[in-house]
Amino acid sequence: MNREIETVDMLIVGGGINGAGIACDAAGRGLSVALYEQQDFAGATSSASSKLIHGGLRYLEQYQFRLVAEALAEREVLLKKAPHLIMPMRFVLPHQPSLRPAYLIKLGLYLYDRLSSRSQLPASKAIDFHHSGILQSQFETGFEYSDCFVDDARLVILNIIQAKQLGAKVKNYCQVIDAKEVEQYWLVTLYDQVNHQTFQKRARLLVNAAGPWVSQFIDQKLNVESEQKVRLVKGSHIILPKLYEQPHAYILQNDDQRIVFVIPYLDRFSLVGTTDQTYQEATHQVEISKQESLYLLDVVNRYFIKQSGIQDIIHSFSGLRPLCEDKKSSAQKVTRDYKLVLQHANNSAPLISIFGGKITTYRKLAESACKLAMPFFPQMKKSWTAKTPLPGGDFNGTPEQLTSQLLQSFNWLDKKIARRYIAQYGTLAWQLCGNKKGLGEFFGAGLYQLEIDYLVKNEWVIYPQDLLWRRTKLALFLGEKELQKITKYFKNSPICKGAMSAKGEIKD
Ligand SMILES: Cc1cc2nc3c(=O)[nH]c(=O)nc-3n(C[C@H](O)[C@H](O)[C@H](O)COP(=O)(O)OP(=O)(O)OC[C@H]3O[C@@H](n4cnc5c(N)ncnc54)[C@H](O)[C@@H]3O)c2cc1C
């Protein structure tokens, strides 16, 4: 055995929410952990979700009570772990008697309120829409219930930051290109895409959290047989100028029995989604089709007074749900629950593969993965993530109170920027503002040099799009000239250039 190759207990393939959650949990239990992501963290499905921390009201129709109960309970746990990032939200469901009778919806909401204990979120109720000025006049009554909204990509990065704080080695733009079993270890070959270098690590246990690539990784990189396969279901969203002013979301029933969410997004927009389309092969180039855009617009236009067309779409994004293949259900009906498969035949090096899952249930999934890993690491500590805040989430009170405190600490901050800093960084905003006397060069839409440099140094930002689409969503607010200025800064600033080579180093 080559002693120069570093050995870790657990090597994780994939830096989406599931890989990040497992890295964080396992590192906190005392394992040596390394995580590699071939793109940017949250570069695939975990930044393309509907961004809901939700029980999944519609899964009740499919009798998925285990999943719903677990997800409902997680809303409360995650709200406490990241109170700056996760926001309670009311969801309004206009009643359409021809699609689902009122008694069925009442029964569903009765269960939704009670399948798990609730301390922070209000219960559901029936409502009246008369003269709402938002919905078309035929929608007179409906229901309202609670769920939560999250910045999905930032939830991933918070888990990555915490994993690193707990000793894990984490690296983006680094692909696992091969893993072979050698003397009861996994010998893993990696390709650093920034420095164009290949290197190796040895791992006692391999976790395949490759999301849409999970089956492809097993078949092509490991040469192992797996009975469980992934079912890829594409889902797309469109972003429209906001359809109404109020802070609640809508859940719209469509004639095909599907539902579409309309969610207030970043003060100015409405986020509309999603679709369900079977997809054949995992790829990073997933795009919305014209047919999907028209489908979403059609649903919205049937409910809202304000009409929208293709020309109103400000942005769209699509992702692939990596679901558990059951070989029978339709794309919309295949379960959103997760399955972890442990392969460990004849004392071979163990492999855990992750199929399915939700952003909402990532923490429970990570606990299950650690439970499967436990027999191989008897020294492993107990589960700990339920009651420990994520980085930036360690405060009492409301995000508004925290914003006031930030403004008191840094009186040169603008109120709007302070609000965004708290929503994104929580108490880490103090680290961001640090001892600096000001914000530095201005790039537009509230983005200053201070934040770029902080994200490059502390959150693995390598390319402008990492910052503009995942660490923040500022791309939605910036014009072409401003984007060019940011790209130029990345090319010329010593901090950005330095970070590229430092992050690209093989010794991470
Ligand atoms: C349209 C849509 C809406 C959704 N809405 C919600 C919602 O509102 N709420 C909710 O709870 N859930 C939602 N989900 C589900 C949720 O987004 C996914 O279950 C979750 O993001 C999957 O995370 P993951 O880590 O398994 O996969 P991913 O986020 O795809 O991460 C896997 C990562 O592995 C990397 N990778 C693959 N192969 C390699 C390799 N060889 N080397 C290194 N890295 C590799 C990939 O680049 C990728 O980044 C939604 C999903 C979709 C598609």
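Put the Cα centre of region 241-281 next to the Cα centre of region 136-156 and the gap is 9 Å.
Among LEU428, LEU158, LEU107, what is the fewest-to-most ranking by other Cβ atoms within 10 Å? Present the calculation step by step, with values, prior to reporting the outcome.
Numbers: LEU428 21, LEU158 26, LEU107 12.
With the fewest neighbours first, LEU428, LEU158, LEU107 line up as LEU107, LEU428, LEU158.
Derived value for region 399-504: Kirkwood hydrodynamic radius 14.1 Å. Basis is the mean of 1/r over every pair of different alpha-carbon atoms. Take the Cα of THR7, go 7 Å toward its beta carbon, and the backbone nitrogen atoms of region 346-384 under 20 Å from that spot belong to 346-352, 373-381. Express in % the proportion of alpha carbon pairs of region 205-290 at distances exceeding 15 Å. Of all Cα-Cα distances in region 205-290, 69 percent exceed 15 Å. You can think of it this way: the chain between GLN332 and ASP128 has 70.5 nm of extra reach, that is 0.36 nm per residue less the Cα-Cα gap.
Modelled label positions at LYS290 and GLN246, each set 7 Å beyond Cα in the direction of Cβ, lie 3.6 nm from each other.
Can you put MET10, MET87 in order of Cβ neighbours within 10 angstrom, beginning with the fewest?
So the residues, fewest neighbours to most, are MET87, MET10.
In this structure, the residue pairs whose Cα-Cα separation is over 23 Å, taken from LYS169/LYS201; LYS221/LYS290; LYS437/LYS457, are LYS221/LYS290. The alpha-carbon atoms of the chain, seen along their principal axes, cover 74, 58, 43 angstrom, with the largest extent given first. P(r) for region 195-236, from all Cα pairs and a bin width of 10 Å, is 21, 43, 26, 10 %, short bins first.
The label point for GLN311 and the one for VAL182, both projected 7 Å from the Cα toward the Cβ, are 6.2 nm apart. Across region 120-228 the C-alpha pair distances fall into 5 Å bins from zero in the proportions 2, 8, 12, 13, 14, 10, 7, 5, 6, 7, 7, 6, 3, 1, 0 percent. I want the antiparallel fraction of DSSP beta bridges within the chain, as a percent rounded to 5. Around 80 percent antiparallel, to the nearest 5.
Here, each number is a calculation from the coordinates, and none is a lab measurement. What you see is a predicted model, and the numbers here were worked out from it, not measured in a lab. All Cβ positions, glycine included, derive from the backbone under ideal geometry; neighbour counts span all protein chains shown.
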